[in-house]
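Notes to accompany the following structure.
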Amino acid sequence: MLVIAHRGASAVAPENTLLAMQMAINMGVDGIEIDVHEVEDEHLVIHDRWLHRTTQVRGRLTDFSLARLRELDAGQGQRIPTLWEVMQEVRGQCSLNIELKGVTHVIPILRLLDKAVQELGFDYSQLLLSSFNHHLLFEIKQIRPELLTGALTASCPLDYAAFAHTLQAFSIHIYLDFVNPAFVADAKDKGLQVYVYTVDEVEDMDMLRAWGVDGIFTNMPDRAIAHLRQPVV
Ligand code: G3P
Ligand code: MG
């Protein structure tokens, strides 16, 4: 089961910062998940919706200029990084799951993916674009059908994994509270990878592994790796 750091190693470093990425890489993760927002229509920055999650400033990230955001301390002396800075940090070390949150334009993201492949040595298979906004994922697939997408859900739909199959997604990313064996079986039947968020407790890791889940997003990659990579007796 893959271990994907949720917002980096966010239990020990400020989430969505380069320090959180470095710590996750040092722990030996398979991948890192980050949240992306557009600022001033063109800049792609990594943070949750609300600035006060990491900084001393209250407000919505997208109401600030890039210049102002870059002045803020996101904790432990960290700055709010751009997507490009994260790609530079992660290159060659693990895969990157870019969760599109406050994003309305797909072209700038697609251009950056191409640049990461050309200039940083990423393989397209190491770059996964996910979103709760399935319209955005549909648009991406229409423009670039070969790119990997991950369909997010915080529910267990009546027709299980059908929505992700329709989207021709690579993976389905489902909230821990709503995943169950029937859902996993349906997704696997449809050829989808199943990743579950956010999983920090070892009992849940064992349960999900037994159900055939392919990966977890965790705030505690060190705990997950220590638990999941020990020999099964
Ligand atoms: O991508 C998995 C997970 O991060 C989705 O929810 O709110 O933690 O970004 P959230
Ligand atoms: Mg996320």
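The values are calculated or read from the model by the stated rules, or taken from the named source; none is laboratory data. From a predicted model like this one, the values you see are computed outputs, not experimental measurements. Counting neighbours? That spans all protein chains shown, and the Cβs are built from the backbone with ideal geometry, glycine included.
Which of the residues that make up the range 126-137 are more than 13 Å from ligand 2 (Cβ to nearest atom) and surrounded by 18 or more Cβ atoms within 10 Å (Cβ to Cβ)?
Across the range 126-137, the qualifying residues are GLN126, LEU127, LEU136, LEU137.
Name every residue in the range 22-39 that is within 14 Å of ligand 1 (Cβ to nearest atom) and assigned to a strand (DSSP E or B), in order of residue number.
GLY31, ILE32, GLU33, ILE34, ASP35, VAL36, HIS37
In the range 173-197, how many residues are buried (at least 17 other Cβ atoms within 10 Å of the Cβ) and outside any helix (DSSP H, G or I)?
Residues flagged as buried (at least 17 other Cβ atoms within 10 Å of the Cβ) and outside any helix (DSSP H, G or I) within the range 173-197 amount to 9.
Among the numbered criteria (1) under 19 Å from the mean Cα position of the chain (by Cα); (2) among the polar types (S, T, N, Q); (3) surrounded by 13 or more Cβ atoms within 10 Å (Cβ to Cβ), which single criterion is violated by THR166?
THR166 satisfies all of (1) under 19 Å from the mean Cα position of the chain (by Cα); (2) among the polar types (S, T, N, Q); (3) surrounded by 13 or more Cβ atoms within 10 Å (Cβ to Cβ) except (1).
Considering only the range 1-22, state which residues are within 15 Å of ligand 2 (Cβ to nearest atom), more than 14 Å from VAL199 (Cβ to Cβ) and polar (S, T, N, Q).
Residues satisfying the conditions are ASN16, THR17.
Can you tell me which condition LEU61 does not meet? The list is (1) more than 17 Å from the chain's Cα centre (by Cα); (2) hydrophobic (A, V, I, L, M, F, W, C); (3) more than 16 Å from ligand 2 (Cβ to nearest atom), and all the others hold.
So the condition that LEU61 fails would be (3).
Hey, could you check the range 84-108 for residues that are among the β-branched types (Val, Ile, Thr) and within 27 Å of MET27 (Cβ to Cβ) and say which is nearest to the chain's Cα centre (by Cα)?
Among those that are among the β-branched types (Val, Ile, Thr) and within 27 Å of MET27 (Cβ to Cβ), it is ILE98.
Determine the pairs where a residue that is more than 18 Å from VAL103 (Cα to Cα), located within the range 50-69, has a partner that is in a helix (DSSP H, G or I) with Cβ atoms under 6 Å apart, the partner being 6 or more residues away or on another chain.
VAL57/LEU51; ARG58/HIS52
If only one of LEU147, LEU112, LEU167 is in contact with a Ser or Thr (Cβ under 7 Å, 6 or more places away or on another chain) and aliphatic (A, V, I, L, M), which one is it?
Within the list LEU147, LEU112, LEU167, the selection yields LEU167.
Please go through the range 202-218 and pick out each residue that is at negative phi and either in a helix (DSSP H, G or I) or away from ligand 1 (no atom under 16 Å from the Cβ) (or both).
VAL202, GLU203, ASP204, MET205, ASP206, MET207, LEU208, ARG209, ALA210, TRP211
Would it be correct to say that PRO145 is in a loop (DSSP other than H, G, I, E, B), touching a residue at least 12 places away in the same chain (Cβ under 8 Å) and surrounded by fewer than 19 Cβ atoms within 10 Å (Cβ to Cβ)?
yes
Which one of the conditions (1) within 16 Å of ligand 1 (Cβ to nearest atom); (2) at positive phi does GLY191 fail to meet, given that it meets all the rest?
Status for GLY191: all satisfied but (1).
Out of everything in the range 28-52 that is more than 30 Å from LEU228 (Cα to Cα), within 15 Å of ligand 2 (Cβ to nearest atom) and not aliphatic (A, V, I, L, M), what residue ends up being surrounded by the most Cβ atoms within 10 Å (Cβ to Cβ)?
Taking the candidates together, the pick is HIS37.
Conditions: (1) small (Gly, Ala, Ser); (2) touching a Leu at 6+ places or on another chain (Cβ under 8 Å); (3) at pLDDT 95 or above. GLY102 meets all but one. Number of the miss?
(3)
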